[in-house]
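K.L.:
This structure is in structure tokens; I'll ask about it shortly.
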Amino acid sequence: MTTCDFFLVSGLEKVLPYQKPTPWQQPGFTLLSGERRAFQLACRGVEDRVCGGDTAFTVSVKSDLGPALCCRQVGLVPCDYPCHGLADEDYLTTRPELLPDVLRPVDLSGPLKLVLGQWRSLWFTVDTEGLAPGSYSVQLTVTGPAGNEPVQFTVPVTVLSVRLPAQTLYHTEWFHADCLADYYHVPVFSEQHWALIDSFMAAAARCGVNMLLTPVFTPPLDTAPGGERTTVQLVDVEDVDGEYRFGFEKLHRWAGLCRKNGITELEIAHLFTQWGAEAAPKVMVKKNGILTRRFGWDTPAVGGEYTRFLHAFLPALKAELSKMGLLEHSWFHISDEPADSAKNTYLAAKNEVKELLAGCKVIDALSSFDLYKEGIVPKPVVCVDHIQPFLDARTPGLWAYYCTCQAVKVPNRFIAMPSTRNRILGVLLYVEDIEGFLHWGFNFYNSQFSLRHIDPFRVTDSGDVFPSGDPFLVYPAPDGTAWDSIRSEVLGEAMQDLRLLQLCEEKLGRPGTLALVQKAAGMEMRFDEYPRDAAFFDRLRETLLSVL
């Protein structure tokens with residue numbers, strides 16, 4: 001006989017196949033209008049025979065939430081590289097394992113299958129967008145194999161009349177349009193490709209992204225020196241008798257899809273190569289009807305033909321963005337993460353376009369406080385494990401980021417990390433008064449340096465180099481949509497935490513709101529010091545909701 005266990009679990013718990021999860025002690029939500037939250041149904045079957053046994057079970061859902069309630073199945077993914085050699089104690093595991101992450105569609109109209117001897121879960125999402133204020137409920141009846149009594153669960157949901165305010169944090173997750181064309185084997189900017197871009201933009205917006213990396217030419221990111229990534233150049237360039245002419249039709253279409261999906265900011269691709277700004281990015285130019293690569297790794301960053309190109313291209317791009325009403329919502333980059341050793345090449349590149357970008361927003365990722373103090377990168381995006389000197393100096397309009405290297409003490413979202421370490425980001429961004437947040441990997445489906453394409457369902461670490469989950473937040477579904485992950489859902493909740501704190505600030509002021517955060521945390525919070533328990537978020541929400 002197959003004996004079953006079913007119970008509800010918080011959305012902040014990762015249900016590991018080999019470990020009994022903690023039951024949700026007080027099921028239910030009190031949500032603001034516009035909020036989105038999740039819970040899970042954990043399930044396991046144990047058979048008293050060596051093999052065989054009945055594994056079928058059904059879940060019947062009765063709810064007045066209608067389409068505001070969604071159910072998906074949590075799938076395991078390989079984590080061959082869960083962490084770097086140096087890790088802290090706040091990981092679920094540091095061993096290579098299969099861990100829960102991808103959220104796959106599930107049909108509850110028929111029987112589901114238990115995995116004998118393993119804990120698995122269903123992921124239920126409540127999205128209050130468009131719901132009237134009031135009381136709702138979710139009632140689940142779970143029927144296991146013969147011999148097991150049906151189990152019933154009720155999750156009350158209260159929707160308040162107070163609406164969650166719009167997100168003011170600038171949030172970009174680098175969107176890799178080339179990876180969509182490569183994975184689905186469709187021509188770049190074909191109708192199939194545009195449909196994929198639209199779908200993945202919508203997925204980005206669901207987790208709080210409101211700024212998108214925009215490939216006016218192919219972004220020179222994570223590309224081996226001398227190598228190339230698949231061309232995704234939105235701006236057509238033609239050389240006519242030595243003069244450059246530009247076509248912006250594809251950029252208009254891209255911007256229109258951004259608007260459709262609620263993405264207001266354009267992050268213009270970096271003007272110079274990564275790791276030192278020593279060369280030009282790949283730019284394709286048509287001459288006499290033939291399209292060829294005009295610039296790339298073999299093109300010096302400054303002092304040559306690429307400089308002449310930029311003096312034609314940037315004024316034309318700015319004029320077009322201005323006509324579109326987007327210049328004030330466009331952000332430019334020089335080069336990503338200049339080190340102290342690259343100061344001179346970065347400064348030369350920056351000075352080459354300084355006048356061309358006068359009055360524009362220019363940001364770059366940075367670890368070196370010295371480069372900021374010297375004024376070389378006046379608007380830095382700082383990794384969270386190097387950010388304290390910038391905070392101590394009260395750097396105005398400070399941005400933050402994390403990626404593969406932010407693996408000890410600070411928040412991050414590797415698959416092998418608990419969800420609390422992902423969720424805490426929103427509170428920390430509020431506490432430190434951060435203006436923007438950046439991450440490099442929304443959908444990077446390549447190996448390191450883009451030497452080959454990977455299947456993200458099989459390779460979650462870009463080839464044993466980045467901790468699993470760092471390169472991407474969503475999975476490419478067979479139907480061309482983006483499948484969310486536990487991590488993308490929790491990141492979206494982190495952004496909601498930030499918005500809730502800002503709403504409370506309208507009532508209490510910033511000092512009063514910070515005092516409530518500190519009381520719930522029981523400590524002065526920093527990017528490397530924060531509560532590690534899931535109960536913190538319940539304590540904080542209860543306090544904040546009482547203010548509204």
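The values are calculated or read from the model by the stated rules, or taken from the named source; none is laboratory data. It should be emphasised that the depicted structure is a prediction, and the values quoted were computed from it without experimental measurement. All Cβ positions, glycine included, derive from the backbone under ideal geometry; neighbour counts span all protein chains shown. The protein model used for the area step is the full one, side chains on, heavy atoms only, and it has no ligands, DNA or RNA in it. Shrake-Rupley method; radii C 1.70, N 1.55, O 1.52, S 1.80 Å.
K.L.:
Just one of Leu514, Leu503 is open to solvent by 10 Å² or more (accessible area, probe 1.4 Å) and in contact with a helix residue (DSSP H, G or I) (Cβ under 7 Å, 6 or more places away or on another chain); which is it? Please lay out each step first, then the result.
P.N.:
Values: Leu503 fails: in contact with a helix residue (DSSP H, G or I) (Cβ under 7 Å, 6 or more places away or on another chain).
Among Leu514, Leu503, only Leu514 is open to solvent by 10 Å² or more (accessible area, probe 1.4 Å) and in contact with a helix residue (DSSP H, G or I) (Cβ under 7 Å, 6 or more places away or on another chain).
K.L.:
Follow-up. Where in the stretch 363-449 are the helices (runs of 4 or more DSSP H), entirely inside, with at least 3 residues that are within 20 Å of the chain's Cα centre (by Cα), of a type outside the set (S, T, N, Q) and at pLDDT 95 or above?
P.N.:
On the way: elements: 369-373, 388-392, 419-431.
Of the helices (runs of 4 or more DSSP H) lying wholly inside the stretch 363-449, those with at least 3 residues that are within 20 Å of the chain's Cα centre (by Cα), of a type outside the set (S, T, N, Q) and at pLDDT 95 or above span 419-431.
To keep it simple, each residue is scored yes or no on (1) in contact with a Cys (Cβ under 9 Å, 6 or more places away or on another chain); (2) among the aliphatic types (A, V, I, L, M).
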{"site": "Phe6", "(1), (2)": "yes, no"}
{"site": "Leu12", "(1), (2)": "no, yes"}
{"site": "Ser33", "(1), (2)": "no, no"}
{"site": "Phe39", "(1), (2)": "no, no"}
{"site": "Cys51", "(1), (2)": "no, no"}
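K.L.:
Could you please find all residues in the stretch 221-258 being part of a loop (DSSP other than H, G, I, E, B) and β-branched (Val, Ile, Thr)? Lay out the reasoning, then the answer.
P.N.:
The initial filter retains those residues of the stretch 221-258 that are part of a loop (DSSP other than H, G, I, E, B), namely 221-235, 241-242, 248.
Selection gives Thr223, Thr230, Thr231, Val232, Val235.
K.L.:
Can you tell which of Arg308, Arg294 is surrounded by fewer than 17 Cβ atoms within 10 Å (Cβ to Cβ) and either assigned to a loop (DSSP other than H, G, I, E, B) or not acidic (Asp, Glu) (or both)? If you could, list the steps in order and put the result at the bottom.
P.N.:
Working: Arg294 fails: surrounded by fewer than 17 Cβ atoms within 10 Å (Cβ to Cβ).
Just one listed residue meets the conditions, Arg308.
K.L.:
Can I ask one more? Inspect the stretch 475-498 for any residue being free of Cβ contacts under 8 Å to residues at least 40 places away in the same chain, part of a helix (DSSP H, G or I) and open to solvent by 10 Å² or more (accessible area, probe 1.4 Å) and give the result as yes or no.
P.N.:
Within the stretch 475-498, not a single residue is free of Cβ contacts under 8 Å to residues at least 40 places away in the same chain, part of a helix (DSSP H, G or I) and open to solvent by 10 Å² or more (accessible area, probe 1.4 Å).
K.L.:
Sticking with this structure for a sec: Considering only residues that are open to solvent by 50 Å² or more (accessible area, probe 1.4 Å) and either on the phi > 0 side of the Ramachandran plot or part of a helix (DSSP H, G or I) (or both), which ones fall in the stretch 536-548?
P.N.:
Residues of the stretch 536-548 that are open to solvent by 50 Å² or more (accessible area, probe 1.4 Å), as a first pass: 538-539, 542, 546, 548.
Answer for the stretch 536-548, where residues must be open to solvent by 50 Å² or more (accessible area, probe 1.4 Å) and either on the phi > 0 side of the Ramachandran plot or part of a helix (DSSP H, G or I) (or both): Asp538, Arg539, Glu542, Ser546.
K.L.:
Just one of (1) among the hydroxyl-bearing types (Ser, Thr, Tyr); (2) without any contact (Cβ under 8 Å) to a residue 60 or more places away in the chain; (3) within 29 Å of Arg541 (Cα to Cα) trips up Thr93, so point out which.
P.N.:
Looking at each condition in turn, Thr93 falls short on (2).
K.L.:
Can you name the condition, by its number, that Leu548 falls short on among (1) farther than 23 Å from Ser419 by Cβ; (2) out of contact with any strand residue (DSSP E or B) (no Cβ under 7 Å at 6 or more places or on another chain)?
P.N.:
(2)
K.L.:
Pairs under 9 Å by beta carbon, first residue on the phi > 0 side of the Ramachandran plot in the stretch 27-45, partner of a type in the set (S, T, N, Q) and open to solvent by 10 Å² or more (accessible area, probe 1.4 Å), six or more apart or different chains?
P.N.:
That search, which allows pairs on different chains as well, returns Gly28/Ser137; Gly28/Thr154; Gly28/Thr158; Gly34/Gln496.
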